[in-house]
Each structure stands twice: as C-alpha cells, then as structure tokens.
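J.: The structure under discussion is supplied below as structure tokens; questions concerning it will follow.
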Amino acid sequence: MISKGGFTVREAREEDIEAVIDINKRTLPENYPRFYFKLHLHNFPKAFLVAEMNGEIVGYIMCRVEYDSLYTNPSVVGRKGHIVSLAVLPKARRRGVATALMKKAMEAMKNVYGADEFYLEVRVSNMPAISLYKKLGFKAVKVLQKYYGDGEDAYLMARPA
C-alpha cells in the first residue's frame with residue numbers, strides 16, 4: 001500500500017542489502033560492515049524494513065531485540081527493542097518515511113519479538129531526529145559521553161512498548 005507521501009514500507013530482503021549499505025554510507029557518519037547488516041536481517045527480519053519510492057529504496061530501519069534490565073524501569077528485566085540504525089535519503093525526507101519505518105519496526109519488535117520497551121542512541125546535535133523520537137514518545141534517559149567515533153555525545157532515548 002502506498003502512503004500519502006508516495007512510498008511503501010516492507011520487510012527488507014537479501015537483495016536490498018547493497019541499497020541499504022549505500023544509504024547508510026551516504027547519510028550517516030557511522031557505518032557498519034556488510035556482515036552486520038546481514039546478521040540483523042537474518043536474526044530479526046520482521047524488524048529490518050525498507051521504504052521504497054518509485055521502485056527505489058530511499059530509507060531503512062535495522063533493529064534487534066535484547067534481554068536485559070529495562071531503561072524505563074531498571075528494576076524489571078525484559079526484552080529491549082534496539083533501533084540500531086535508521087536512515088532516509090535527503091530527497092525522501094519530510095514525507096513521513098522515518099516515522100512510518102519507526103512505527104512499523106516498533107510494532108514488529110513488540111508483536112513478533114516480544115519487546116517490552118524500545119531504545120536508541122542519537123547524536124545530541126541531531127535535532128530533527130530527537131524531535132521525531134520525542135513525537136513517538138521517547139525520552140532521553142541518559143547521556144553517553146563521547147559515544148560516537150568523532151567524540152560527540154549521544155542521548156540514549158527509550159520508551160515503553
């Protein structure tokens with residue numbers, strides 16, 4: 001089904017990995033090796049999604065689910081849905097692509113993989129992303145000092161599932 005923004009969201013496939021890696025390299029300073037993308041696709045296929053516009057992949061979200069103390073309630077051990085990487089090509093931004101990817105991935109992490117909460121890391125300077133995450137109910141729960149390779153801090157943001 002095509003959204004109002006002219007894109008569709010679907011589960012990623014093996015043949016999408018090259019496009020996903022290209023988007024990652026073009027839009028984010030943090031890049032991962034090919035095996036890392038394949039590992040997440042293999043282990044959490046329902047929470048590794050792509051957005052397509054006119055037959056071209058224009059965004060992706062890669063997630064996993066871990067088992068540990070929850071950030072939203074540290075006295076509880078549960079399943080944490082980790083949004084590992086989210087990226088959208090500049091030409092497809094401001095159309096709801098990132099929001100749609102986030103919502104579908106969170107739905108899969110909760111309904112398929114049993115996540116009790118969701119969390120992510122975001123650069124403290126990335127105000128558009130922070131704004132999106134706040135709209136989706138995330139709150140900054142801690143600052144991760146010098147989290148990124150260039151020394152920038154990150155907010156660890158979380159919300160209940």
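All of the numbers you see were taken from the coordinates with simple rules; none came from a lab. Note that this is a predicted model, so its numbers are computed, not measured. Every residue, glycine among them, receives a Cβ derived from its backbone with ideal geometry; neighbour counts consider all protein chains shown.
J.: Could you order the peptides 94-103, 142-151 from most to least packed, using the average number of other C-beta atoms within 10 Å per residue?
T.: Working: 94-103: 18.9, 142-151: 11.4.
Order by mean packing, descending: 94-103, 142-151.
J.: Please list log₁₀ I(q)/I(0) at q = 0.09, 0.11 Å⁻¹ for the chain, using the Debye equation with identical point scatterers on the alpha-carbon positions.
T.: -0.27, -0.41
J.: Based solely on its DSSP helices, what 222 nm [θ] is calculated for the chain when runs of n ≥ 4 H residues each add -39,500 (n - 2.57) and the sum is averaged over all residues, nearest 500 deg cm²/dmol? Present the calculation step by step, with values, prior to reporting the outcome.
T.: On the way: 4 runs with 45 residues, N = 161.
-8500 deg cm²/dmol, from helical runs alone.
J.: Using mean Cβ contacts within 10 Å as the protection proxy, how do 108-116, 80-88 order, highest first?
T.: On the way: 108-116: 18.3, 80-88: 21.9.
Order by mean packing, descending: 80-88, 108-116.
J.: Oh, and also: In the structure displayed, which of Lys104/Lys142; Lys103/Lys134; Lys91/Lys142 lie more than 22 Å apart, Cα to Cα?
T.: Lys104/Lys142; Lys91/Lys142
J.: Express in whole angstrom the spacing between the alpha-carbon centres of the range 102-161 and the range 78-99.
T.: 10
J.: Can I ask one more? Ignoring GluC sites (Glu not before Pro) that are buried or in helix or strand per DSSP, and keeping those with at most 15 other beta carbon atoms within 10 Å, what is the longest stretch of the chain between them? It would help to have the intermediate numbers written out before the result.
T.: Details: sites that count: Glu30, Glu152.
The longest such stretch corresponds to 31-151.
J.: I need the trypsin sites (Lys or Arg not before Pro) found in the range 10-39, filtered to DSSP loop residues with at most 12 other beta carbons within 10 Å of theirs. Working shown, then result.
T.: Numbers: sites: Arg10, Arg13, Lys25, Arg26, Arg34, Lys38; in loops: Arg13.
Qualifying residues, ordered by number: Arg13.
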